[in-house]
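The values are calculated or read from the model by the stated rules, or taken from the named source; none is laboratory data. From a predicted model like this one, the values you see are computed outputs, not experimental measurements. Cβ placement follows ideal geometry from the backbone for every residue including glycine, while neighbour counts extend to all protein chains displayed. The area values use the complete protein model at the heavy-atom level, side chains included, leaving out ligands, DNA and RNA. Shrake-Rupley method; radii C 1.70, N 1.55, O 1.52, S 1.80 Å.
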Amino acid sequence: MRKTAVEFIREFDDFLLIAHVSPDGDTLGSCLALYCALLKLGKRAQIACADPVPKTYRFLPHADRIAAPEDTAPFSCAIAVDCADLLRTGRCAPLLSGAQHTLNIDHHGTNPNFGESNYVEIAAATGELVYHIIRELGLNPDEEMAACLYAALATDTGNFSYRNTTPDTFRIMAELLESGLDLPALNQRLFRTTSLPRLRINALAIDRLELYCNNRLGFCTLSLADLASLGATREDCESVIDIIRDIDTVEVAAFLREGMDGAVRVSMRGKTSADVSRVAQRFGGGGHRLAAGCTIRTTLEEARALLLPELEALLEGEGNAWKES
Ligand code: 5GP
Ligand code: MN
C-alpha cells in the first residue's frame, strides 16, 4: 500500500535502493527520482544495481552514483524498485535479505510481495508509484526528479502508446511538464539516439527471424558469438523484441539471447490478448500480460525446443478462444 511505503520512508533514515538486473528506464528512473527525494528529506541514500547502467540512461541526474552491490556502504533499510521478484535483484539479493527493514515498490501483477513492507500496485510504470510517494511525502518533483520519472514513464509505456497508459499517467505527465521538464532534449537522449552495433544487431535479428503459426509467432535467437561478431553488448539488443512484435501478422514475439553466464535470457511480447506472462512464469520468470521475460539455464537450442511448443500452445489457445467468441 502507498501509505505503508510513505510511512516506511518517513520512519527510517538510511536507504539502499535496488534496481533490477538488466536495468531499464523504469527501474533506473524510479530509483533516481526516489534517491533525489530522499536526499531532499535529509536522508541518506544510495543505489545499487547488479548490472552496469546502459549508455542510454547514463545522462540521467546522478546515474553515475549507481554502484555495484559489492561497493555499497552500510545501510539499515533496503528498497527494491521495479523488481518483479527477488531473483530480479540479482547479486543485490543478499543485501535485501540482510537489511533490517525492506520495502518492495513494484507494478508487476506477478510480484509475490517479497518485501517486509510492500507497495505493489498495477500501474503503467513503477515511476508512477514513486511519483505518488514523492507527492505524499510533501515534495513537488523538481526538474531532476521530473527527468527521472519521465524516463520511467515514457519507456515503460512505449512512449505512452501501450494499453497500460491511463489518464493518471497523463495527469502525472502534466505535473512533470510544469516542473520544467525538457521534453525534446529527453526524447533525443532516450529515443532518438542509436549506435552502429545496435543497428547491426537489429539487421542480424531481422535476417534470423523465424515465423511460426501462420506468421503469428515471431521468434529470434542470438548467441554470444553473434553479439561478439558485431562488437555488440546486451544493451544493443534492446529493440530486437519490439521489431519482431511490430510485424503486422505477429501476435506473439519471442527473443532469446545467450547471456554472459551461459543462461538464455528470454523476452516475450503479446500484441492483443495472448498472456505471455503465463509462459514466462512456467519458466520461473514473470512480468505483465503483454510483456514478460524469464531466464532459462540451458543452451540456446534447448531453450528454443522448450519455448516453441509453449508459445504455439498459447497461440492455439488464443485461436480457439477467438473462434468461440
Ligand atoms: P524485458 O523483455 O523487457 O526484459 O521484460 C519485460 C517485462 O517482464 C518487464 O516488465 C520485466 O520486468 C519483466 N521480466 C523480465 N524478465 C523477468 C524475469 O526473469 N522474472 C520476472 N518476474 N519478470 C521479468
Ligand atoms: Mn517497470
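Observations
- Residue check: ALA280 meets all listed conditions (1) within 16 Å of ligand 2 (Cβ to nearest atom); (2) touching a helix residue (DSSP H, G or I) at 6+ places or on another chain (Cβ under 9 Å); (3) not hydroxyl-bearing (Ser, Thr, Tyr) but one, namely (2).
- From ARG257, ARG278, residue being without any contact (Cβ under 8 Å) to a residue 60 or more places away in the chain and surrounded by fewer than 21 Cβ atoms within 10 Å (Cβ to Cβ): ARG278
- Looking only at residues of the range 293-310 that are open to solvent by 10 Å² or more (accessible area, probe 1.4 Å) and near ligand 1 (Cβ under 7 Å from one of its atoms), we find that the one that is farthest from the chain's Cα centre (by Cα) is THR295.
- Listed by position, the strands (runs of 3 or more DSSP E) inside the range 1-92 whose residues that are open to solvent by 30 Å² or more (accessible area, probe 1.4 Å) number at least 2 are 44-48.
- Pairing each residue of the range 71-83 that is within 16 Å of ligand 1 (Cβ to nearest atom) with any residue that is part of a strand (DSSP E or B) and of a type in the set (Ser, Thr, Tyr), provided the two are 6+ apart or on different chains, yields C-beta distances under 9 Å for ALA80/THR102.
- Pick from the range 146-176, criterion free of Cβ contacts under 8 Å to residues at least 12 places away in the same chain and assigned to a helix (DSSP H, G or I), ranking: most open to solvent (accessible area, probe 1.4 Å): ARG171
- Pairing each residue of the range 195-214 that is within 12 Å of SER229 (Cβ to Cβ) with any residue that is part of a helix (DSSP H, G or I) and of a type outside the set (Lys, Arg), provided the two are 6+ apart or on different chains, yields C-beta distances under 6 Å for PRO197/ASP236; ILE201/ASP236; ILE201/CYS237.
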